[in-house]
Amino acid sequence: MNNGENCKRRRKEGFTADEDDGENDDSCSSGRETKKKDLNGIITSLILLDEQEKRDREERNDAFKEEKSVMESTHTKGTRTMLEFHSNLNDYYSKIDEADRVKRKKSRVKAATVVATASNHVADDGNGKSGSGQQRRLWVKDRSNAWWDECNRPDYPEEEFKKAFRMSKSTFDLICDELNAVIAKEDTTLRNAIPVKQRVAVCIWRLATGEPLRLVSKRFGLGISTCHKLVLEVCSAIRNVLMPKYLQWPDEDSLRKIKQQFEGISGIPNAVGSMYTTHIPIIAPKISVAAYFNKRHTERNQKTSYSITVQGVVDPTGVFTDVCIGWPGSMTDDQVLEKSALFQRAKNGGLLNGVWVVGNSGYPLMDWVLVPYNQQHLTWTQHAFNEKIGEIQKVAKEAFGRLKGRWCCLQKRTEVKLQDLPVVLGACCVLHNICEMKKEGIDPELKVEVIDDEMVAEDGLRSVSSLKARDAIAHNLLHHGLA
């Protein structure tokens, strides 16, 4: 029995002795003090626990903030490293190509010198006879080029020629004439030079069919390595000679016509181009694999995909007026746009003041880039605007469909090395423009439906003035009965 209960019991029983009273009072006081001390101890413990919990919470918050900062820094550093690595890789391959070119040139000179020396020696022996009495000659593998000889005949059917080379004979001859001064070669003591028409035909047939080099070799009666070399040489000549002429940003008069045509299609004023970014499949590279990994195509096709990007701006007829080729397939549309020369010219030189380049929701809304509304709940005006801007977007998408349909090499992984691929893709875009300008139709069976998974840009709004301008355009379209 505790002291408090003793105190109550003794008071109830009526203890009156002085000594007993003193003992009882001391016992009661001791009980109260004990309770008070216990209570104070509990309160102190609770306060300490609360302070410890606060300290732990603050430590966890600090650790979380530090971890978040480290992750953001690591992500930024990784992105910068990837881009620097991609640039260094291109420089590295360029140096290798230059070294190989010099080495091949020296080898050819050395071989020609040896052959000339041997020829002189044989002539000295008497009437081209060697000491053993046998004439020396260069061994060449016998290959048949009957198919190309048939195609090169003047009476060869136009339809069959166009089916093989995706263009008429007149357009093919135009390209040969334009490239003649650059790709023509002279006969040597070893062999006769390959004619310009055959050189161009090897390249265009390879791009058009996407067939492997061994089949190209059989078609044209040339060696596999020779066909590969011809394809790269002609593509490089097309990019260097024809691209400045057939793929360039329009002048003022052309821009005025383009605006009128786009406005006639959609009712949207001051549109000077339709922009789209597509992906070209490639074989998994040996280095920097993650940069070229295409996550969206992999998830959709259930098959690991690697790609590089091609961003293009087209006019109302589907002719490319600007291209950006070669950035890794892991980059989004807005990231590719920021790396393009078009973006830099618009940012620094004011190339696109007061006009619009129309893109899809993968691009941000900017001072010169017009994109559709992408929020979930659209008003009737916004929905009508999206339908009209979709008419302009369709122009670029269909142009890329014809590009991939004409040049089937773009539909499957190619044998071309990664560092040479931008040259080949640029040549395909130039040849596409020539065919479009010459009104070369495309077989409906060859048309390709372009499918590229669009992702909404992370920073979708970069211009408040463009936001207001888009609202005004949407209102005018509905007000004037155009939407």
### trypsin sites (Lys or Arg not before Pro) within segment 292-369, DSSP loop, no more than 11 other Cβ atoms inside 10 Å
K303
### Message
If each residue of separation counts as 0.36 nm, what is the full-extension length gain between L174 and K35 once their alpha-carbon separation is subtracted?
### Response
39.2 nm
### Query
Nearest 20 debye, what's the magnitude of the dipole of segment 326-398 about its Cα centre given +1 on Lys and Arg Cβ and -1 on Asp and Glu Cβ?
140
### Summary
Note on the chain, DSSP bridge orientation, antiparallel percent to nearest 5 equals 70
### Pair-distance profile P(r), taking every C-alpha pair of segment 233-383, with 5 angstrom steps and integer %
2, 8, 15, 18, 18, 15, 13, 7, 3, 1, 0
### Query
For segment 145-244, what class follows from the C-alpha gyration tensor (a ≥ b ≥ c being the square roots of its eigenvalues): rounded when a/c is under 1.5, otherwise prolate if a/b is larger than b/c, else oblate?
rounded
## Note on the structure
Of the listed pairs K77/K303; K162/K404; K106/K229; K245/K394; K68/K295, those with alpha carbons more than 21 Å apart are K77/K303; K245/K394; K68/K295
### Task
With a Förster radius of 56 Å, plug the Cβ-Cβ distance of S45 and K394 into 1/(1 + (r/R0)^6) and report the FRET value to the nearest 0.05.
0.15
### Task
Kindly report the accessible area of the chain per residue (heavy atoms of protein chains, probe 1.4 Å, no ligands, DNA or RNA), in Å².
59
### Query
Based on DSSP H runs of at least 4 residues, each adding -39500 (n - 2.57), what is the mean residue ellipticity at 222 nm of the chain after dividing by all its residues, to the nearest 500 deg cm²/dmol?
-20000 deg cm²/dmol
### Message
Using a 7 Å offset from the Cα along the Cα-to-Cβ direction at both D100 and R55, what is the distance between the two label points in nm, to one decimal?
### Response
6.6
## Note on the structure
Checked against the structure, the computed Cα Rg over 2.2 N^0.38 Å among [x] 1.69; [y] 1.17; [z] 1.02 is the one labelled [x]
### Summary
The relative contact order of segment 145-244, taking Cα pairs under 8 Å that sit 6 or more residues apart, comes to a percentage of 31
### Query
Say the cut-off is 29 Å between C-alpha atoms; which of K103/K438; K347/K397; K257/K397; K169/K447 go over it?
K103/K438
### Query
Roughly speaking, what is the stretch gain from K303 to T317, that is 0.36 nm per residue apart minus the C-alpha to C-alpha distance, in nm to one decimal?
1.6 nm
### Query
Assuming a viscosity of 1.002 mPa s and a temperature of 20 °C, what translational diffusion coefficient in µm² per second does Stokes-Einstein assign to segment 426-469, Rh being the Kirkwood radius over Cα pairs?
147
### Query
Nearest 0.05, what FRET efficiency do D187 and H480 give at R0 = 51 Å with Cβ-Cβ as r?
0.15
### Summary
Excluding ligands, DNA and RNA, the carbon-plus-sulfur percentage of the accessible area of the chain with a 1.4 Å probe reads 51
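The values are calculated or read from the model by the stated rules, or taken from the named source; none is laboratory data. Keep in mind that this is a model prediction, so the values were computed, not measured. For neighbour counting, all protein chains shown are included, and Cβ atoms are generated from backbone atoms with ideal geometry for every residue, glycine included. When the accessible area is computed, the model is the full protein with side chains, heavy atoms only, and any ligands, DNA or RNA have been set aside. Shrake-Rupley method; radii C 1.70, N 1.55, O 1.52, S 1.80 Å.
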